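As structure tokens, the structure follows; a few thoughts come after it.
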Amino acid sequence: MEGSFSNHFLATLLILLAFTSYTSSAARVTAQETSNEFIRTSCTSTTYPKLCYTSLSTHASVIQTSAKLLAHTALSVTLHTARSTSAVMLKLSKSHGMKPREAAAMSDCIEELSDSVDQLRRSLGEMKKLKGSNFELMMSDIQTWVSAAMTDDDTCTTGFAGNAMNGKLKTVVRGKIVNIAHLTSNALALINSYASLHS
């Protein structure tokens, strides 16, 4: 009798554990789907919605459905990409066989990228400190710095326009810089959306 009771109790416990595990797993899936949908919907306000979604959806568990965390993550992803691209550009600039015009354009671009990284870093730092009474002033600074970073990115790509440039080098550089410019544009759009919630 006692063995039968303990078997029954054990079976009930296992069923209960399986159910709890299933509902917990289902809740996680639903939260993930909700976060992904929030990111997808928010990205429709950007100029490059597909890039916006692909660059941010891997951070869905952090972003959840927070407009602030979405804007913060977009800035963080942009800064990380700008830093790694800056390192690649520095390495490329040391390669031999560049024409004087290419070397000059590369040097200018590295300087512009450095400025862009600095503006994005300042924006991210300010974003972490955003609060009530100074919100509008701080947000204005963030928007100004991210806009300046976009200008830096555009200035860099301009140096690689025209036919005087090596085709392969031009393609690599422009591709990387255009990607940063698009990420920066998306980050600014999401920052503006977040700011509008407080206006």
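For the reader, a short list of remarks on this structure follows.
- Among residues of segment 68-106, those that are of a type outside the set (S, T, N, Q) and under 26 Å from the mean Cα position of the chain (by Cα), counted: 19
- Qualifying residue in segment 113-132 (condition: of a type in the set (Asp, Glu), within 21 Å of LYS176 (Cα to Cα) and without any contact (Cβ under 8 Å) to a residue 60 or more places away in the chain): yes
- Looking at LYS50, LYS91, just one residue is in a helix (DSSP H, G or I), at pLDDT 95 or above, farther than 27 Å from LYS131 by Cα and of a type in the set (Lys, Arg), and that residue is LYS50.
- Residue count for segment 55-109, restricted to those that are among the polar types (S, T, N, Q) and either crowded, with 19+ Cβ neighbours inside 10 Å or touching a residue at least 24 places away in the same chain (Cβ under 8 Å) (or both): 10
- For segment 14-31, the count of residues that are assigned to a helix (DSSP H, G or I), at pLDDT 70 or above, within 14 Å of the chain's Cα centre (by Cα) and not basic (Lys, Arg) is zero.
- Residue count, segment 82-124 (criterion: out of contact with any helix residue (DSSP H, G or I) (no Cβ under 6 Å at 6 or more places or on another chain) and of a type in the set (S, T, N, Q)): 4
- Given (1) surrounded by 12 or more Cβ atoms within 10 Å (Cβ to Cβ); (2) free of Cβ contacts under 8 Å to residues at least 40 places away in the same chain; (3) within 27 Å of LYS91 (Cα to Cα), index of the condition VAL146 fails: (2)
The values are calculated or read from the model by the stated rules, or taken from the named source; none is laboratory data. Predicted model, so just to flag it, every value in this text is computed and none were measured. Please note: Cβ atoms are built from the backbone with ideal geometry, for glycine as well, and neighbour counts cover all protein chains shown.
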